[in-house]
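Take a look at the structure set out below.
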Amino acid sequence: MELRMQNLTKEFGDFTAVDHLNFTMENGVYGLLGVNGAGKTTLMKMLCTLLSPTSGEITCNGREILGMGADYRRILGYLPQEFGFYPEFTVQDYLSYIAALKGLRPVVAKRRVQELIEKTGLKKAAKKKMKKLSGGMKRRAGIAQAMLNNPKILVLDEPTAGLDPNERIRFRNLISELAEDRLVLLSTHIVSDVEYIANQILLMRNGQIVLAGEAQELIDSMEEGVFSLYARKNDISRLMKKYKVSNLKTEHDGVELRIIAGKQPSPDAVRVDANLEDVFLYYFGEKAGEENVEI
């Protein structure tokens, strides 16, 4: 399976959400990272044919996806940030209803609904009404509906938003299980969601994919180092204005800071290994006191 974006552009009036983007994806898990407003959701909606490009195109195995029509939708599964459901439907009724909308034959639909209820851990909740589900259970129902047609392309927009840490771990494990022999694109601003399951991590900024690679490749791309520094509390403001600080831990008599810098910020600073959160701050963050961005 190959999805290719060629000079893909989407404009909303004077604002360019996706800007002449060129990228090719094949089977595997792709993690799309970026701050809010980077263009992630707009890109995903175009990949799901919910928005038409202003210019450029997306092709699937060489065919333009808008021209494929139903042939493309049959191989596509999509979980938006907020998915609609009838609150009075039980989980089983909801999935059966979505299966009918997707055109699955009744016999096939019944089997797929039961398979996915088992796979997504919804067996005990199958007879519960959707409105009674926890946030994590609703997201499980969401991934189940996206998988009903056994898609070859699975697009997930902020799938772990609002979930507690345990639910996020369960969800990541589920995605890993579902990723075999298909293309999965996972959009998020939560670094840990993609750090361990994505084959490729894509950094998106201002409508462009500015960097792509495995986690270690992205870490190695940093031209600055990461340092751990223990400082007095009255030095925090000065350090945060001068450096990008990826973590700050308050102790009883001072503060431990994790600083990204081109050189050792002080003689007491110790060089430490960088991680993907440091990469995110390096490319997308600002020093305190500069124009803020959401990280």
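Helical content alone sets the calculated 222 nm signal of the chain at -9000 deg cm²/dmol, taking -39,500 (n - 2.57) per DSSP H segment of four or more residues and averaging over every residue. Rounded to the nearest 20, the size of the Cβ-charge dipole of segment 1-107 about its Cα centre is 280 debye, with Lys and Arg at +1 and Asp and Glu at -1. The mean of 1/r over all distinct Cα pairs in segment 1-64, once inverted, gives the Kirkwood hydrodynamic radius of 12.1 Å. Taking a ≥ b ≥ c as the square roots of the Cα gyration tensor eigenvalues, with a/c under 1.5 meaning rounded and otherwise prolate when a/b beats b/c, else oblate, which class fits segment 116-174? Note, shape of segment 116-174 comes out oblate.
Would you mind getting me the FRET efficiency between ILE169 and GLN81? Use the beta-carbon distance for r and R0 = 25 Å, nearest 0.05. Working from the Cβ atoms, E equals 0.80. Taking each residue as 0.36 nm, the span from ALA70 to HIS252 lengthens on full extension beyond its C-alpha to C-alpha distance by 59.3 nm.
The Cα atoms of segment 69-203 cover 40, 35, 22 Å along the three principal axes, with the biggest extent listed first. The local environment of PHE227, defined by Cβ-Cβ distances under 10 Å, has a net charge of +1 under the rule Lys, Arg +1 and Asp, Glu -1.
Rounded to the nearest 5, the antiparallel percentage of DSSP beta bridges internal to the chain is 65%. In order along segment 206-216, the phi-based Karplus estimate (6.51 cos²θ - 1.76 cosθ + 1.60, θ = phi - 60°) of 3J(HN,Hα) comes to 6, x, 10, 7, 8, 7, 9, x, 6, 3, 5 Hz; Gly and Pro are listed as x. Heavy atoms of the protein only, probe of 1.4 Å, neighbouring chains included. What is the accessible area of GLU2 in Å², nearest 10? Accessible area of GLU2: about 50 Å². Under the convention that each Lys and Arg Cβ holds +1 and each Asp and Glu Cβ holds -1, the size of the dipole of segment 122-233 around its Cα centre is about 1320 debye. Given the options PHE171, ALA161, ALA141, identify the residue whose Cα lies farthest towards the positive end of the charge dipole of the chain (+1 on Cβ of Lys, Arg; -1 on Cβ of Asp, Glu). Selected residue: ALA141. 3J(HN,Hα) couplings calculated from phi for segment 47-63 with the Karplus curve 6.51 cos²θ - 1.76 cosθ + 1.60 (θ = phi - 60°) are, in sequence order, 5, 9, 6, 7, 10, 9, x, 5, 7, x, 7, 10, 10, 10, 6, x, 9 Hz; Gly and Pro show x.
Remark: for residue pairs LYS241/LYS263; LYS40/LYS244; LYS40/LYS123, the C-alpha separation exceeds 21 Å in LYS40/LYS244; LYS40/LYS123. Counting protein heavy atoms only, segment 122-199 has 46 percent of its accessible area on carbon and sulfur, 1.4 angstrom probe. Surface exposure of segment 160-295, expressed per residue as accessible area with a 1.4 Å probe, stands at 55 Å².
If R0 is taken as 25 Å, the Cβ-Cβ distance between GLU11 and LYS152 corresponds to a FRET efficiency of 0.25. What's the angle, to the nearest 10 degrees (0 to 90), between helix 135-147's Cα axis and the longest principal axis of the chain? Tilt of helix 135-147: around 50 degrees. A simple charge model with +1 on the Cβ of Lys and Arg, -1 on the Cβ of Asp and Glu and nothing else charged puts the dipole of the chain at about 1600 debye relative to its Cα centre. Of the residues ALA269, VAL194, ILE75, the one whose Cα sits farthest towards the positive end of the charge dipole of the chain is ILE75 (charges of +1 on Lys and Arg Cβ, -1 on Asp and Glu Cβ, taken about the Cα centre).
Shape annotation for segment 194-295: C-alpha extents along the principal axes are 42, 28, 24 Å, from largest to smallest. Summing Lys and Arg as +1 and Asp and Glu as -1 over all other residues whose Cβ lies under 12 Å from the Cβ of ASP164 gives a net charge of +2.
Model label points for ASP273 and VAL210, set 7 angstrom from Cα along the Cα-to-Cβ axis, are 2.6 nm apart.
Remark: segment 1-137 carries 52 Å² of accessible area per residue (probe radius 1.4 Å; ligands, DNA and RNA excluded).
Between segment 214-246 and segment 11-36, the alpha-carbon centres lie 27 Å apart.
Specify whether the C-alpha gyration tensor of segment 125-236 places it in the rounded, prolate or oblate class, a ≥ b ≥ c being the square roots of the eigenvalues: rounded for a/c under 1.5, otherwise prolate if a/b is larger than b/c and oblate if not. Oblate.
The values are calculated or read from the model by the stated rules, or taken from the named source; none is laboratory data. If you're wondering where the values come from, they're calculated on a predicted model, not measured in any experiment. Glycine gets a Cβ as well: all are built from the backbone with ideal geometry, and neighbour counts include every protein chain shown. Please note that ligands, DNA and RNA were not included when accessible areas were found on the heavy atoms of the full protein model with its side chains. Shrake-Rupley method; radii C 1.70, N 1.55, O 1.52, S 1.80 Å.
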